[in-house]
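Visitor: Quick one: this structure, given as structure tokens, is what I'll be asking you about.
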Amino acid sequence: MNNSRTPERHPVRKIAGFLVGNWPARIYLVVVAASIAFAVIATAVDSNPDASFAGVWPFFATMPWSLLLIGLVPDSEGLAAQSVLVGILAVGTLANLATIGWLVNLVRGPSAAPAR
């Protein structure tokens, strides 16, 4: 039983609040989502081989982590390679969100209340 005055938050909410509980992290998440949407739309609309270059933008948005992990992609083309690429984007995004959250908490200081 928790005798303190503040209710205990669920761990998932606590982690989500840390990752996207501030404006810089939310803006970063919009940038990543827009770059992924641009890549998907550009490759779906245009069958030109140069259109697949649009897929580079999500990796730029999730740097440096995505570039550190890009060596994990198998040489084959198919579902396995695409799954690894999506996983790399997810890990890069989450790592950058955690870094942004940590930096925001560092700048705010220990006396600041968490953002809602």
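Where a number appears in this text, it was derived from the coordinates with a stated rule and is not lab data. Since this is a predicted model, take the numbers as computed values, not measurements. Every residue, glycine as well, gets a Cβ built from its backbone with ideal geometry; the counts of neighbours run over all protein chains shown.
Visitor: Could you grab me the full set of residues in the range 9-27 that are among the hydrophobic types (A, V, I, L, M, F, W, C) and under 15 Å from THR93 (Cα atoms)? I'd like the intermediate steps shown before the answer.
Guide: Of the range 9-27, the ones among the hydrophobic types (A, V, I, L, M, F, W, C) are 12, 15-16, 18-20, 23, 25, 27.
Passing the criteria: ILE15, ALA16, PHE18, LEU19, VAL20, ALA25, ILE27.
Visitor: Any residue at all in the range 22-29 that's in contact (Cβ under 8 Å) with a residue 40 or more places away in the chain, among the hydroxyl-bearing types (Ser, Thr, Tyr), part of a helix (DSSP H, G or I) and touching a helix residue (DSSP H, G or I) at 6+ places or on another chain (Cβ under 7 Å)?
Guide: yes
Visitor: If you take the residues of the range 61-81 that are surrounded by 11 or more Cβ atoms within 10 Å (Cβ to Cβ) and polar (S, T, N, Q), which of them is nearest to the chain's Cα centre (by Cα)?
Guide: THR62
Visitor: Quick check: is even one residue across the range 37-44 touching a residue at least 60 places away in the same chain (Cβ under 8 Å) and small (Gly, Ala, Ser)?
Guide: Kept after step one, since they are touching a residue at least 60 places away in the same chain (Cβ under 8 Å), are these residues of the range 37-44: none.
Scanning the range 37-44, I find no residue that is touching a residue at least 60 places away in the same chain (Cβ under 8 Å) and small (Gly, Ala, Ser), so the answer is no.
Visitor: I would also like to ask the following. Go through VAL30, VAL45, VAL84, VAL20 for me and flag whichever is surrounded by fewer than 13 Cβ atoms within 10 Å (Cβ to Cβ) and closer than 29 Å to TRP102 by Cα.
Guide: Values: VAL45 fails: closer than 29 Å to TRP102 by Cα; VAL84 fails: surrounded by fewer than 13 Cβ atoms within 10 Å (Cβ to Cβ); VAL20 fails: surrounded by fewer than 13 Cβ atoms within 10 Å (Cβ to Cβ).
Only one candidate passes the filter, namely VAL30.
Visitor: Restricting attention to the range 48-60, which residues are among the hydrophobic types (A, V, I, L, M, F, W, C), surrounded by 13 or more Cβ atoms within 10 Å (Cβ to Cβ) and within 15 Å of ALA90 (Cα to Cα)?
Guide: Here is the first cut: in the range 48-60, the residues among the hydrophobic types (A, V, I, L, M, F, W, C) are 51, 53-54, 56-57, 59-60.
Of the ones still in play, those that are also surrounded by 13 or more Cβ atoms within 10 Å (Cβ to Cβ) are 51, 54, 57, 59.
Within the range 48-60, TRP57, PHE59 qualify.
Visitor: I would also like to ask the following. For GLY92, state whether it is without any contact (Cβ under 8 Å) to a residue 40 or more places away in the chain and on the phi > 0 side of the Ramachandran plot. Explain how you work it out, then say what you get.
Guide: On the way: without any contact (Cβ under 8 Å) to a residue 40 or more places away in the chain: yes; on the phi > 0 side of the Ramachandran plot: no.
Here the answer is no, as GLY92 does not meet what is asked.
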